[in-house]
Amino acid sequence: MAQLLEAISADAPCGEYLKDNRTLYRGLRNYFNQAQSSYRQLMESPDAMRDEELVIQNAANWNELSDECEKTIETVSKDVEVMCWLTSAQPFSHQPLENLSRVLHSFTELLTQYWDDLHPKPPVKKLKSEDDAGQAKEWAEFRVKPFLQLVGERDGTGLLSMPLQSIGLIGAINYSRYYAAERDGQLDALKSEAAQVISSDKEQVKNIILTLGNIKQQLIALEAMVVEKCRAVGAQPVSFRFINQTVDRLINSTQYLVGNLIKPWPLDAQESVSEASPSASAEIDNTVQVPQVGESNMPNVKSNDVVSLQAGGEIYTRDQAFQQLRHISDYFSRTEPHSPVYMLIERAIRWGYMSLPELLNEMVGEDDKMMGRMYQLAGLESVDKTVIPDPTISASELKHKQQADPIKYNAPAVSAPKAHNMEETSVSPVAPKEPAAAPASTAGTSSGNLSSFEW
């Protein structure tokens with residue numbers, strides 16, 4: 001891995017802009033697509049995992065991708081996207097966790113040493129900005145974009161998430177098996193299996209736990225470097241929260257299965273350091289920008305300044321309130337991974353950002369009849385207003401009401417028309433203060449514009 005950090009040349013330490021070398025870039029992309037395809041084959045069918053030929057071919061594809069990426073970074077281009085592909089290949093290597101930890105460390109060092117020249121760095125003519133500050137920001141945005149594919153944009157996504165859940169943590173027990181046992185109420189049986197493995201190979205289990213802790217620390221360091229470099233030029237950093245959650249689940253599930261069989265817990269020292277220095281994703285997630293906070297609460301702040309509100313203080317916005325829920329969810333995810341509490345809180349957060357139609361669709365699913373009935377009752381089936389007939393009243397009825405209560409029905413006197421059947425003559429329009437009963441056909445009345453509805 002040390003060769004990854006050596007300059008490619010004195011004139012161009014990070015080599016060439018890879019997208020300009022289409023033949024080489026497409027070749028690397030093909031290696032990546034082939035590895036992705038073989039992995040999807042394994043995931044799409046439970047029986048495929050028992051097909052030894054498919055398993056071997058999948059590992060070979062990822063190892064080939066790893067070799068090609070490593071060669072490219074050392075000799076052609078130090079490119080963040082290629083480095084992300086190299087990182088994603090490590091869970092399929094012979095020592096998946098150890099190799100992943102090493103590559104993540106090299107990734108941070110690469111950003112530290114070569115940030116200003118690191119690719120992808122398109123030539124100036126391909127940039128929108130003309131000033132130095134704008135160009136530096138654009139280059140930073142190009143560099144951090146590939147991280148989204150690696151670390152994921154939502155829970156359970158990213159190139160590392162699923163492969164990490166398939167790696168054995170205690171013997172053949174991986175997180176996927178832990179999750180299935182938790183769902184099926186079979187955790188006690190899985191814990192007994194884990195105890196047998198620990199009794200015969202405690203040191204190996206301890207090493208895996210320590211390596212998981214190292215991976216977590218490397219992710220924290222890598223994210224901190226990304227955040228530092230982005231903020232220096234005003235670019236938006238990428239949050240590593242979802243991949244950090246995945247690693248936390250691996251650690252927490254292992255800790256649950258280990259129980260009291262390994263004491264002290266190998267990561268106690270690391271966790272105390274982590275608590276003292278929270279990850280960059282926690283810093284990103286906790287910051288909610290709210291303009292015009294009152295002077296009494298925020299001294300020395302101008303009324304038009306943008307103020308960062310930290311979770312834990314007084315709540316000013318719904319986003320800040322949801323951040324508080326996210327912290328509670330993260331706590332239960334770390335301390336009670338076997339409990340559904342954190343999943344229920346995350347569901348509440350997700351529902352909180354849905355429109356009412358989206359929420360109803362998730363709750364009811366494909367039951368069109370039920371969905372139609374709920375839309376009808378909630379007034380969501382149409383955004384068109386129901387036509388209301390012009391209010392009319394017969395002259396005789398109006399005269400009768402005026403005579404019965406002249407104060408309440410203070411309307412102009414109605415002159416009797418020349419028609420002989422005065423009792424049935426209609427006067428229109430008249431708008432009495434007490435409205436008539438609504439027409440029966442009002443089912444189409446809309447409750448408002450659905451696109452602006454906030455649940």
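Derivation of every value follows stated rules applied to the coordinates shown; laboratory data play no part. All of these numbers come straight from a predicted model, not from anything done at the bench. Every residue, glycine as well, gets a Cβ built from its backbone with ideal geometry; the counts of neighbours run over all protein chains shown.
Which of the residue pairs K19/K126; K202/K263; K71/K125; K121/K229; K19/K78 have a Cα-Cα distance greater than 19 Å in the structure shown? Each step should come with its number before you reach the end.
On the way: K19/K126 12 Å; K202/K263 11 Å; K71/K125 29 Å; K121/K229 15 Å; K19/K78 12 Å.
Flagged as over cut-off: K71/K125.
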Next item on the list: Can you work out the PRE-style zone for D20? Point 7 Å along Cα to Cβ, and I want the residues of region 80-115 with backbone N under 19 Å.
Entry: 80-82, 115
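For Cα pairs less than 8 Å apart in space and 6+ apart in sequence, what is the mean separation divided by the residue count of region 2-277, i.e. the relative contact order in percent?
On the way: 323 pairs, mean separation 50.6, N = 276.
This gives 18 percent for region 2-277.
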Item checked: Charge dipole (debye, nearest 20) of region 2-277; +1 at Cβ of Lys and Arg, -1 at Cβ of Asp and Glu -> 440
Next item on the list: Provide the packing ranking of 322-328, 238-244, i.e. peptides ordered by the mean count of other C-beta atoms within 10 Å per residue, highest first.
Entry: 238-244, 322-328
Notebook entry, point to check: In what sequence, highest mean first, do 160-172, 256-268 appear when ranked by Cβ atoms within 10 angstrom?
Noted result: 160-172, 256-268
Next item on the list: Starting from region 124-172, pick out the trypsin sites (Lys or Arg not before Pro) whose DSSP state is loop and whose Cβ has at most 16 other Cβ atoms within 10 Å.
Entry: K128, R154
